[in-house]
Amino acid sequence: MMSKVRPVGSRVPRPEPVPSNFRYPWAINGYLTEFLENGTQALSLSIAIAIAKKRDISAPEVILPAYGCPDLVAAVVAQGAKPVLVDLLSNTAQMDDNRLCHAIGPGCVAVVAVGFLGVPERLKVLSEICREREIFLIEDSAQCFPPSGITFSHADAIVLSFGRGKPINLMGGGALIYQRKLQPLVKEALGNTPSLAKSVGILWRFKRLVFNWLMMRLPYWAVEKVPFLHIGQTRYQECPYIRRAILSDTLLFAGIQYFFQRPYLGDLYRKELDELCDNGWRLLGSDCKRMDHPGCSVPRVRIALLAPSSTAREHAELALNRAGIGATNFYGAILPELEGLEGFFESAHFPVAKDFSSRLLTLPCHEDVRPGDIHKIVKIMKKLYSDDWASEADRVS
Ligand SMILES: *Cc1c(COP(=O)(O)O)cnc(C)c1O
């Protein structure tokens, strides 16, 4: 079968004329925006601000969840700070607040609240912990749009990414959204960093066509087989500099529009997965009510499922990929176990995060996933379940 449903990624939109009343949807409650080359740089800039707010601390520490994107570590290390990891609450990608309180030492300058595949962190809980201790709270909303820390001004700063596999894919770019009172610090941290104009000229338009074509089922099937492209692999990359970007409003506007037009497949998945959920599978964030969008479910980048065991996850991942469905284990391991990150942390003992990462299965939910695909995915998974059950019965008898 020469066809594969890509695991993630929305098509890059075509720039559109911008209405005169267009405002960034996150520019409320006095938040300001600075565009950067990518999301990692935006996060790194936010950490520079957190450090600048506490100049008397000589060895700054930044708190991150033990399971997450390796770019988090790159952004912290780039500012000369030490990443301190916190274990998760069971069956979630959210930090355990008890452990978080323990991890906050005298050198802590910031906590990074990382939204996971469309499910935001608990900004209210984390902001209470941070406010009490006068610690900077950064919402990394690279995987969640719109960000949730703005509505009640819970977050001091918020990070967006416009890269591949993110809610708004513009083939690169990032934004730091920050509270107005931080403006002098942002200016100071940026200094004379150059601005890079991201043009949407003829070359860009050509790249967009190729990029979008490669996401189709046959080309994706072929590209995935090319080993040196490392499609879908998680790799640690340093963040050597920060550069401002001038993004085209026509593209940004189109990206935001396109995001809200995309189908929300969560309900369909939930309905189809009902039986599996009775048998130990868990749909992540199905109880996640977006306070800021009552009654409105925004599209996600991927559906995140937790298997009843790591073996069940492995079997499902294998069977789905064989059937041409891009199901993944996402990062594949907790941060201290990722390639290139060994030795960055004092401890690698994060049992809850480790259990989470071993049971995580992501399923595609982009605009090219059809209802028939979802039906097929769940049918394959149910068949595995009944096969496992049958072999279990064999053993018993
Ligand atoms: C992708 C991602 C980033 C980095 O964004 P880039 O634009 O790829 O640099 C940061 N944090 C999280 C949680 C991400 O998923």
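Here, each number is a calculation from the coordinates, and none is a lab measurement. If you're wondering where the values come from, they're calculated on a predicted model, not measured in any experiment. With ideal geometry, Cβ positions are generated from the backbone for all residues, glycine too; neighbour counts draw on all protein chains shown.
Extension gain for residue 262-residue 188 works out to 22.8 nm (0.36 nm per residue, less the C-alpha to C-alpha distance). With the cut-off at under 13 Å, measuring from each backbone N in segment 315-338 to a point 7 Å along the Cα-to-Cβ line of residue 375 picks out no residue.
With a point put 7 Å past each Cα toward its Cβ, work out how far residue 241 is from residue 205 in nm, to one decimal. The modelled label-to-label distance comes out at 3.0 nm.
To the nearest 20 Debye, how big is the dipole of segment 188-266 about its Cα centre, given +1 on the beta carbon of each Lys and Arg and -1 on that of each Asp and Glu? Present the calculation step by step, with values, prior to reporting the outcome.
Details: 10 positive and 4 negative charges, 58 e Å.
I would put it at about 280 debye.
For q values of 0.14, 0.32 Å⁻¹, compute log₁₀ I(q)/I(0) with the Debye formula on a Cα-only model of segment 75-120, without solvent. With one equal scatterer per Cα and no solvent, log10 I(q)/I(0) is -0.39, -1.23.
Close amide H contacts of residue 245 (hydrogens built in the peptide plane, cut-off under 5 Å, sequence separation of 5 or more or a different chain): 35, 36, 37, 196.
What is the extension gain from residue 27 to residue 286, computed as 0.36 nm multiplied by their sequence separation minus the C-alpha to C-alpha distance, in nm to one decimal?
Contour length minus the Cα-Cα distance gives 90.5 nm.
Can you work out the base-10 log of I(q)/I(0) for segment 1-74 at q = 0.16, 0.26, 0.28 1/Å, using the Debye formula on its C-alpha atoms alone? Log10 of I(q)/I(0), two decimals: -0.95, -1.29, -1.31.
Counting every C-alpha pair in the chain, the share spaced more than 35 angstrom apart comes to 26%. Shown in residue order for segment 15-26 are the 3J(HN,Hα) couplings computed by the Karplus curve 6.51 cos²θ - 1.76 cosθ + 1.60 at θ = phi - 60°: x, 10, x, 9, x, 5, 8, 5, 9, 4, x, 8 Hz (x for Gly and Pro). Contact order for the chain, expressed relative to its length and based on alpha carbon pairs under 8 Å spaced 6+ residues apart, stands at 25 percent.
Projected over all directions and averaged, the alpha-carbon convex hull of segment 1-137 occupies 12.2 nm².
Place the peptides 161-172, 317-328, 210-221 in order of packing, highest mean first, counting for every residue the other Cβ atoms within 10 Å and averaging per peptide.
Details: 161-172: 22.3, 317-328: 18.2, 210-221: 15.4.
Answer by packing, highest mean first, reads 161-172, 317-328, 210-221.
Subtracting the Cα-Cα distance of residue 225 and residue 58 from 0.36 nm times their residue separation leaves 55.4 nm of extension gain.
If R₀ is 45 angstrom, what is the calculated FRET efficiency for the pair residue 152 and residue 383, using the beta carbon separation as r and rounding to 0.05?
Numbers: r = 45 Å, r/R0 = 1.00.
Here the calculated transfer efficiency is 0.50.
Do any of 4/379; 54/198; 187/207; 54/124; 124/181; 124/187 go past 25 Å between their Cα atoms, and which? Provide the component values of the computation, followed by the final result.
Details: 4/379 17 Å; 54/198 34 Å; 187/207 33 Å; 54/124 23 Å; 124/181 20 Å; 124/187 28 Å.
Beyond 25 Å between Cα atoms: 54/198; 187/207; 124/187.
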